[in-house]
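The values are calculated or read from the model by the stated rules, or taken from the named source; none is laboratory data. Because the structure is a prediction, the values reported are computed rather than measured. Cβ: placed from backbone, ideal geometry, glycine included. Neighbour counts: every protein chain shown.
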Amino acid sequence: MKTKFLGLAVALVGCVAVLPAYALTADGLTYSLTAFNTANPDLDQFTLTISGINGTSDTEGGRYGVFAFASNKPTGFSWDTAPAGFDPYEGGLNSGSTGGGGCSTGSANFVCFQLHDPSAITQSPLAANSTLTFTFSVDATGISSWGSSASPDDFKISWDGSKSKNYPGSDFKSGYDHVSVNLPPTPAKAPEIDPASASAALTFLAGGLAVVRARRRRS
């Protein structure tokens, strides 16, 4: 019984994990990119998290959803797997005086992900302070240097919203800032213990041990 209580307490403490990532703030939104290792040393999984959408700090607002996003290729790029609902392209984002549109082709220095079915964006603003998360993987020999200061315009994104035009046609113009700022991925670190949760788990353990002692005395 004692062993069971100890194992449960350890499990409760271990459940509280923090995966820190470098955060980029642009136009009132926070972008973070976290890298997770896989069994293949050249293959990493990435999670792009965007928070503060349509919140009070969002200087553009009226956002309906992400149409496409792109980054410079890491060294030794081999292939990538797009987030669910997106298609991969070898190319950057289209440029334009009113914000550009989706992925372009022929720009060998970029990888780009574009929404496969534009109807997935419902043409209505996301809730205030929404958060979006996109998970994808990249196979490359130089992932550790991806998004370094040598590529200051590494990350670009194309939003659809009240500022955009001609969605989802070929002449789509986002109307939103493409960001075009360095966004290096941060390796996911070992879980960090939340002191409050650790204290609660230890309290639970102590109570469990007290019950065990009481039962032993009665027996």
Scan the stretch 90-118 residue by residue and report those that are over 12 Å from residue 156 (Cα atoms) and at pLDDT below 90.
90, 96, 97, 98, 104, 105, 106, 107, 108, 109, 118
Any idea which residue in the stretch 114-144 is surrounded by the most Cβ atoms within 10 Å (Cβ to Cβ), counting only those that are more than 18 Å from the chain's Cα centre (by Cα) and hydroxyl-bearing (Ser, Thr, Tyr)?
141
I'm told residue 157 meets every condition in (1) of a type in the set (Val, Ile, Thr); (2) outside any loop (DSSP other than H, G, I, E, B); (3) modelled with pLDDT under 80 except one. Can you identify the failing condition by its number?
(3)
If residue 36 passes every condition in (1) among the hydrophobic types (A, V, I, L, M, F, W, C); (2) assigned to a strand (DSSP E or B); (3) modelled with pLDDT of 95 or more but one, which one does it miss?
(3)
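A quick yes/no check of all residues on (1) surrounded by fewer than 20 Cβ atoms within 10 Å (Cβ to Cβ); (2) touching a residue at least 12 places away in the same chain (Cβ under 8 Å); (3) of a type outside the set (Ser, Thr, Tyr); (4) in the same structural domain as residue 175 (by TED's automatic domain parsing):
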{"site": "36", "(1), (2), (3), (4)": "yes, yes, yes, yes"}
{"site": "41", "(1), (2), (3), (4)": "yes, no, yes, yes"}
{"site": "51", "(1), (2), (3), (4)": "yes, yes, no, yes"}
{"site": "69", "(1), (2), (3), (4)": "no, yes, yes, yes"}
{"site": "72", "(1), (2), (3), (4)": "no, yes, yes, yes"}
{"site": "79", "(1), (2), (3), (4)": "yes, yes, yes, yes"}
{"site": "91", "(1), (2), (3), (4)": "yes, yes, yes, yes"}
